[in-house]
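A.B. asks: Have a look at the structure that comes next, please.
The values are calculated or read from the model by the stated rules, or taken from the named source; none is laboratory data. On a predicted model such as this, the values are computed, not experimentally measured, just so you know. Cβ coordinates were reconstructed from backbone atoms using ideal geometry, including for glycine residues, and neighbour counts include every protein chain displayed. Only protein heavy atoms, including side chains, enter the accessible area calculation; ligands, DNA and RNA are left aside. Shrake-Rupley method; radii C 1.70, N 1.55, O 1.52, S 1.80 Å.
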Amino acid sequence: MSTRTPRRTRAVPPRDDPEVGDPAEELEEHISHPDQDGQAPHGRRERVETNVIGQRLRKTDGLAKSTGRARYTDDISLPGMLHGKILRSPHPHARILSIDTSAAEQMAGVHAVVTGAEMPRSYGIIPWTPDEQALATDRVRYVGDAVAAVAADDEDTANRALEAIRVEYEELEPLLDPREAERRTDVQIHDPKKPGYNGNITKVVKLEFGEVDGEMDAADVVVEGDYFFEGSTHTPIEPHCAVGLWEEGGIAGTRLTVWSSTQVPHYLHRELARVLELEAARIRVIQPAVGGGFGGKSEPFDLEFCVAKLAMKSGRPVKILYTREEVFYAHRGRHPFLMKYRLGADREGRIRAVDNRALLDGGAYASFGLVTAYYSGQLLPAPYEIPAYRFHSTRVYTNKPACGPKRGHGSVQPRFAFEVQLDKLAERLDLDPIELRRRNFMGEDRRTINELRVTSNGFLQCLDAVERASGWKEKHRRLPFGRGVGVAGSCYISGTNYPIYPNEMPQSGIQIQVDRSGRVTVFSGASDIGQGSDSMVAYIAAEELGVPLESVRVLTSDTDLTPVDLGAYSSRVTFMLGNACIDACRKMKALVQQAVAEHWDAKPQRVLLAGGQAMDGLDTSRQMPIAGAFNLAEAKYGTLGATGSYNTPKDVHGEYRGGTIGASPAYSFTAHVAEVEVDPETGFVDVKTIWVAHDCGRALNPAIVEGQMEGSAYMGFGEALMEQQIFKDADHGRAGLHDAPSLLDYRIPTSLDTPELASLIIESIDPEGPYGAKEAGEGPLHPSIPAIANAIYDAVGVRMDSMPFSPPRVWKAIQAQKEMEGREGKAVAAD
């Protein structure tokens, strides 16, 4: 597929016109040049004209994935490969007294057995909370906690070997309710960090900005509400899978290779070295194609350590593929939140103060929980102007699978509560909910109350777009009973401003190799988990170097071959990897332009690279194939290669403890309108349409951006109406067992359930994003849930402050409303 033919340059006036400057200088203004440090130019808001960027192009891996040619981790088959299985705890909380693996080790076809004693070192994705082990040594903390692993000739033999392992447990009392875990100190899920601390608490965050109590007292209206957000999980199509290969001797020396369906090859590489106590230089991590992640594969898991250790012990490659049940227990999905909100405003609807408290059910291990505790409050104060703000978040451990980052990490739950609060405020003041949000818009190039820097902000345009497209003015409070519309807004980060482990090195890097044939190869350490990051760097290379898209190769996610990128999390890849790719490409472009300019005896800025050609910008009849331009550059400079990198600005946050968490180089903004029909006799909610307006800065490929917007809204819709990651308690079966660990029982929407999704792209052109781009993969999820909740209220007059909005829950709310209205009617009649 060829790129679009470039636009011809406009006619150049004659040089002797006194009103006209040097045409070469004039042309130079229309050609992108790197800054002195090689980064993409910052500080400009205008839309730069492009040939490839902004077009609706195919994904570079689309055909391979749709035809079955893409190779996932489970497709890897190595000579002599063994199959591994992991023994898991049947108890939610127990002390390990002994493990006897002798019978398993003696079985025919079993080649290696490992226990936690061989990998005792703790680890964790957040360096300050390393509370997990590859295999538990002294205590198990949830049903499914890993205890031992085996490698055998086939899966059946491996499963029989697990049955032969004898583990003696001393059962301990489990804590499954986060309120009980917060209160109790007689049962401690983890050892306290310090004397007097509660070992059931991961993190407590208390932050206040402005005079909250004074502003709340002075408010004309105060809205209060209690909210519950049920936990949910990721349900990617591909289960977690890993393959380990241990090679001894040879010219390369002893080394370990791990293939994994991870989202974070770099962090996995670091933790493998830590836990296995190997030099990092002896470890190679390769990420094949990934069949979906959504945050569920963004940290190391037990299987990756186990395949490595089993391969080291057996001397043969080992593969472990999770069953679907194991995926549910591995989890790391959405935290259940218990929230209490107070919102004060004046009579005009302008916010004066917000006060919120949240209790987070974190499950058995910390995962990203330290960050989640901050995200539960830090990301709320935009896109609205909030003069005074306080939040108090507590993340506790419970004896359930660990929660972690799911699409929209940590901020989906509070956004649900807050956007419903705004709807209640609009109702109290008899204001249009969209108008209320307009009145509180914070603007752009501002700092939030908690000192986060906001640059571009297209939230008002998002509100305008969904208002027009949905016919809001004709529908809100005007539809017949049972039909309603609701609105909600949000913002989200375009990457975390700091890496997970403190360092001053770039967050993302790119290498470019140019071949004399005209082919360009991009080496990228980023993880494409379906969001299109491989395609993005191909588009940028084609744009900057003028080659056809089919002449760009992208090699990714191999720690031996590619530069470091920190991974696919926090919507960081487009912004950070994109800027790194522009940096590398423009360094290479400068070399090619200089070489061609010398050949033509012209200035380098006159040389344009586009459409597979190098041409003179002042005389486009003078041109040569791009391969010829590359040959000239190679003859002048030698073998052609360039590197690029991106690191974040350091002035985007406050200087208080926790001020860096939630900081980002840019923020996206979103508004949704949902239209629903509610059956009051059954409580069934039929979401007809969700209009999604998202400020992505600039859409590098509108088709991919729309796909991300619709996928996000779909996911939010599923969480709103269906999804529940819940576990049995002692009164309803064996405590700690997952209630529905299969895709037959865990409800997610099918294509028949999914509403119409209308994507409305808003482009604010961020001054620091690549071509002005910001994130589009997570932000569009946030408003779906509160927009549906607010639409249900518009339809039937009941507030849904607890999730999910299932038929029984909605029906009960309608019945409770009828009973309350009946009592009020009787009271009026009695008076």
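A.B. asks: From the set of residues in segment 264-302 that are more than 20 Å from residue 129 (Cα to Cα), of a type in the set (A, V, I, L, M) and in a helix (DSSP H, G or I), which is least open to solvent (accessible area, probe 1.4 Å)?
C.D. replies: Ranking the candidates gives 280 first.
A.B. asks: Now for a separate question. Is there a residue in segment 595-610 that is touching a residue at least 60 places away in the same chain (Cβ under 8 Å) and in contact with a Lys or Arg (Cβ under 8 Å, 6 or more places away or on another chain)?
C.D. replies: Within segment 595-610, one or more residues are touching a residue at least 60 places away in the same chain (Cβ under 8 Å) and in contact with a Lys or Arg (Cβ under 8 Å, 6 or more places away or on another chain).
A.B. asks: Just checking, does segment 133-149 include any residue being of a type in the set (D, E, K, R) and in contact with an Asp or Glu (Cβ under 8 Å, 6 or more places away or on another chain)?
C.D. replies: Looking only at segment 133-149, we keep the residues that are of a type in the set (D, E, K, R), and these are 138-139, 141, 145.
Retained after the next criterion (residues that are in contact with an Asp or Glu (Cβ under 8 Å, 6 or more places away or on another chain)): none.
The answer is no, given that none of the residues of segment 133-149 is of a type in the set (D, E, K, R) and in contact with an Asp or Glu (Cβ under 8 Å, 6 or more places away or on another chain).
A.B. asks: Of (1) assigned to a loop (DSSP other than H, G, I, E, B); (2) under 17 Å from residue 586 (Cα atoms), residue 642 satisfies all except one. Which?
C.D. replies: The failed condition is (1).
Okay, residues lined up against (1) crowded, with 22+ Cβ neighbours inside 10 Å; (2) outside the structural domain of residue 292 (by TED's automatic domain parsing); (3) within 30 Å of residue 451 (Cα to Cα):
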{"position": "659", "(1), (2), (3)": "no, yes, yes"}
{"position": "669", "(1), (2), (3)": "yes, yes, yes"}
{"position": "672", "(1), (2), (3)": "yes, yes, yes"}
{"position": "676", "(1), (2), (3)": "yes, yes, no"}
{"position": "691", "(1), (2), (3)": "yes, yes, no"}
{"position": "707", "(1), (2), (3)": "no, yes, no"}
{"position": "711", "(1), (2), (3)": "no, yes, no"}
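A.B. asks: Evaluate segment 140-150: report whether one residue or more is over 29 Å from residue 739 (Cβ atoms) and touching a His at 6+ places or on another chain (Cβ under 7 Å).
C.D. replies: Looking through segment 140-150, none of the residues is over 29 Å from residue 739 (Cβ atoms) and touching a His at 6+ places or on another chain (Cβ under 7 Å).
A.B. asks: Quick check on my filter: what residues within segment 542-573 are farther than 20 Å from residue 261 by Cα and either open to solvent by 40 Å² or more (accessible area, probe 1.4 Å) or at pLDDT below 95 (or both)? Reasoning before the result, please.
C.D. replies: Looking only at segment 542-573, we keep the residues that are farther than 20 Å from residue 261 by Cα, and these are 542-553.
Across segment 542-573, the qualifying residues are 550, 553.
A.B. asks: Inside segment 795-815, can you point out the residues that are in a loop (DSSP other than H, G, I, E, B) and open to solvent by less than 20 Å² (accessible area, probe 1.4 Å)? Let's see the steps before the verdict.
C.D. replies: Looking only at segment 795-815, we keep the residues that are in a loop (DSSP other than H, G, I, E, B), and these are 797-801, 803-806.
Within segment 795-815, 798, 800, 803, 804, 805 meet the criteria.
A.B. asks: Here is a further query. For segment 56-87, name all the residues that are open to solvent by less than 70 Å² (accessible area, probe 1.4 Å) and part of a loop (DSSP other than H, G, I, E, B).
C.D. replies: 57, 59, 60, 61, 68, 70, 76, 78, 80, 81, listed by residue number.
A.B. asks: Additional query: From (1) buried (at least 20 other Cβ atoms within 10 Å of the Cβ); (2) more than 19 Å from residue 399 (Cα to Cα); (3) in the same structural domain as residue 299 (by TED's automatic domain parsing), pick out the condition that doesn't hold for residue 155.
C.D. replies: Of everything listed in (1) buried (at least 20 other Cβ atoms within 10 Å of the Cβ); (2) more than 19 Å from residue 399 (Cα to Cα); (3) in the same structural domain as residue 299 (by TED's automatic domain parsing), residue 155 misses just condition (1).
A.B. asks: Right, another one. Those residues that are in a loop (DSSP other than H, G, I, E, B) and polar (S, T, N, Q), I need them from segment 749-794; list them, please. Break it down stepwise before answering.
C.D. replies: The first filter runs over segment 749-794 and keeps only residues in a loop (DSSP other than H, G, I, E, B), leaving 749-755, 763-769, 773-778, 782-783.
Answer for segment 749-794, where residues must be in a loop (DSSP other than H, G, I, E, B) and polar (S, T, N, Q): 750, 751, 754, 764.
A.B. asks: Filter segment 579-602 down to the residues that are surrounded by fewer than 18 Cβ atoms within 10 Å (Cβ to Cβ) and among the basic types (Lys, Arg) and list them by number.
C.D. replies: 587
A.B. asks: So how many residues does segment 210-234 have that are open to solvent by less than 30 Å² (accessible area, probe 1.4 Å) and on the phi > 0 side of the Ramachandran plot?
C.D. replies: Step one: of segment 210-234, the residues open to solvent by less than 30 Å² (accessible area, probe 1.4 Å) are 212, 216, 219, 221, 223, 225, 227, 229-234.
When the remaining residues are screened for being on the phi > 0 side of the Ramachandran plot, the result is none.
Looking only at that region, the number is 0.
A.B. asks: Next question, about the same structure. Give just the number: which of (1) open to solvent by 20 Å² or more (accessible area, probe 1.4 Å); (2) not in a helix (DSSP H, G or I) does residue 150 not satisfy?
C.D. replies: Going through the list (1) open to solvent by 20 Å² or more (accessible area, probe 1.4 Å); (2) not in a helix (DSSP H, G or I), residue 150 breaks only (1).
A.B. asks: Select from segment 603-636 the residues that are in contact with an Asp or Glu (Cβ under 8 Å, 6 or more places away or on another chain) and surrounded by fewer than 17 Cβ atoms within 10 Å (Cβ to Cβ) and list them in ascending order.
C.D. replies: If the condition is that a residue be in contact with an Asp or Glu (Cβ under 8 Å, 6 or more places away or on another chain) and surrounded by fewer than 17 Cβ atoms within 10 Å (Cβ to Cβ), then 622, 636 are the ones that fit.
A.B. asks: Moving to a separate point now. Based on what the data block shows, is residue 501 farther than 20 Å from residue 71 by Cα, open to solvent by 10 Å² or more (accessible area, probe 1.4 Å), among the hydroxyl-bearing types (Ser, Thr, Tyr) and at pLDDT 95 or above?
C.D. replies: Numbers: farther than 20 Å from residue 71 by Cα: yes; open to solvent by 10 Å² or more (accessible area, probe 1.4 Å): yes; among the hydroxyl-bearing types (Ser, Thr, Tyr): yes; at pLDDT 95 or above: no.
Answer is no for this residue.
A.B. asks: Which one of 50, 101 is of a type outside the set (Lys, Arg), touching a residue at least 24 places away in the same chain (Cβ under 8 Å), surrounded by fewer than 22 Cβ atoms within 10 Å (Cβ to Cβ) and touching a Ser or Thr at 6+ places or on another chain (Cβ under 8 Å)? Talk me through it step by step, then tell me what you get.
C.D. replies: Details: 50 fails: touching a Ser or Thr at 6+ places or on another chain (Cβ under 8 Å).
Sole residue among the options that is of a type outside the set (Lys, Arg), touching a residue at least 24 places away in the same chain (Cβ under 8 Å), surrounded by fewer than 22 Cβ atoms within 10 Å (Cβ to Cβ) and touching a Ser or Thr at 6+ places or on another chain (Cβ under 8 Å): 101.
Every residue, every condition in (1) at pLDDT below 95; (2) of a type in the set (A, V, I, L, M, F, W, C); (3) within 30 Å of residue 456 (Cβ to Cβ); (4) not assigned by TED's automatic domain parsing to the domain that holds residue 679, yes or no:
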| site | (1), (2), (3), (4) |
| --- | --- |
| 746 | no, no, no, no |
| 754 | no, no, no, no |
| 761 | no, yes, yes, no |
| 770 | no, no, yes, no |
| 781 | no, yes, yes, no |
| 804 | no, no, no, no |
| 808 | no, no, no, no |
| 813 | no, yes, no, no |
| 825 | yes, no, no, yes |
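A.B. asks: Scan segment 169-180 and report the pairs whose first residue is closer than 17 Å to residue 727 by Cβ and whose second residue is assigned to a helix (DSSP H, G or I) and open to solvent by less than 50 Å² (accessible area, probe 1.4 Å), with Cβ atoms within less than 7 Å and a gap of 6+ or a chain change.
C.D. replies: Note: pairs meeting the criteria are 175/181.
A.B. asks: Go through segment 576-626 and tell me which strands (runs of 3 or more DSSP E), entirely inside it, have 2 or more residues that are at pLDDT below 95.
C.D. replies: Working: elements: 607-610, 613-616, 619-625.
Those strands (runs of 3 or more DSSP E) span 619-625.
A.B. asks: Shifting gears a bit: Residue 486 passes all but one of (1) of a type outside the set (Asp, Glu); (2) closer than 24 Å to residue 781 by Cβ; (3) in a loop (DSSP other than H, G, I, E, B); which number fails?
C.D. replies: Here residue 486 meets the rest and fails (3).
A.B. asks: Now a separate question. Quick one: would you say residue 334 is modelled with pLDDT of 95 or more and open to solvent by 10 Å² or more (accessible area, probe 1.4 Å)? Show your work before the answer.
C.D. replies: Numbers: modelled with pLDDT of 95 or more: yes; open to solvent by 10 Å² or more (accessible area, probe 1.4 Å): no.
Here the answer is no, as residue 334 does not meet what is asked.
A.B. asks: Hey, another quick one. What number of residues within segment 699-718 are in contact with a Lys or Arg (Cβ under 7 Å, 6 or more places away or on another chain) and either part of a loop (DSSP other than H, G, I, E, B) or under 16 Å from residue 803 (Cα atoms) (or both)?
C.D. replies: Selection size over segment 699-718: 2.
A.B. asks: Would you mind listing the helices (runs of 4 or more DSSP H) fully within segment 365-465 where at least 1 residues are under 20 Å from residue 211 (Cα atoms)?
C.D. replies: Values: elements: 369-378, 412-429, 433-439.
Answer list for segment 365-465: 369-378, 412-429.
A.B. asks: Scan (1) out of contact with any Leu (no Cβ under 7 Å at 6 or more places or on another chain); (2) not in a helix (DSSP H, G or I) for the single condition residue 499 breaks and write down its number.
C.D. replies: With respect to (1) out of contact with any Leu (no Cβ under 7 Å at 6 or more places or on another chain); (2) not in a helix (DSSP H, G or I), residue 499 is out only on (1).
A.B. asks: Specify the residue that is farthest from residue 690 (Cα to Cα); the eligible residues are those in segment 750-773 that are open to solvent by less than 10 Å² (accessible area, probe 1.4 Å) and not small (Gly, Ala, Ser).
C.D. replies: Kept after step one, since they are open to solvent by less than 10 Å² (accessible area, probe 1.4 Å), are these residues of segment 750-773: 766, 769-770, 772-773.
Next cut, not small (Gly, Ala, Ser) only: 766, 770.
Values: 766: 26, 770: 29 Å.
So, considering only residues that are open to solvent by less than 10 Å² (accessible area, probe 1.4 Å) and not small (Gly, Ala, Ser), the one farthest from residue 690 (Cα to Cα) is 770.
A.B. asks: Any chance segment 340-361 includes a residue that's open to solvent by less than 10 Å² (accessible area, probe 1.4 Å), in a loop (DSSP other than H, G, I, E, B) and of a type in the set (A, V, I, L, M)?
C.D. replies: No, segment 340-361 contains no residue that is open to solvent by less than 10 Å² (accessible area, probe 1.4 Å), in a loop (DSSP other than H, G, I, E, B) and of a type in the set (A, V, I, L, M).
A.B. asks: Can you pull out the residues in segment 476-498 that are surrounded by fewer than 24 Cβ atoms within 10 Å (Cβ to Cβ) and among the hydrophobic types (A, V, I, L, M, F, W, C)?
C.D. replies: Within segment 476-498, 479, 481 meet the criteria.
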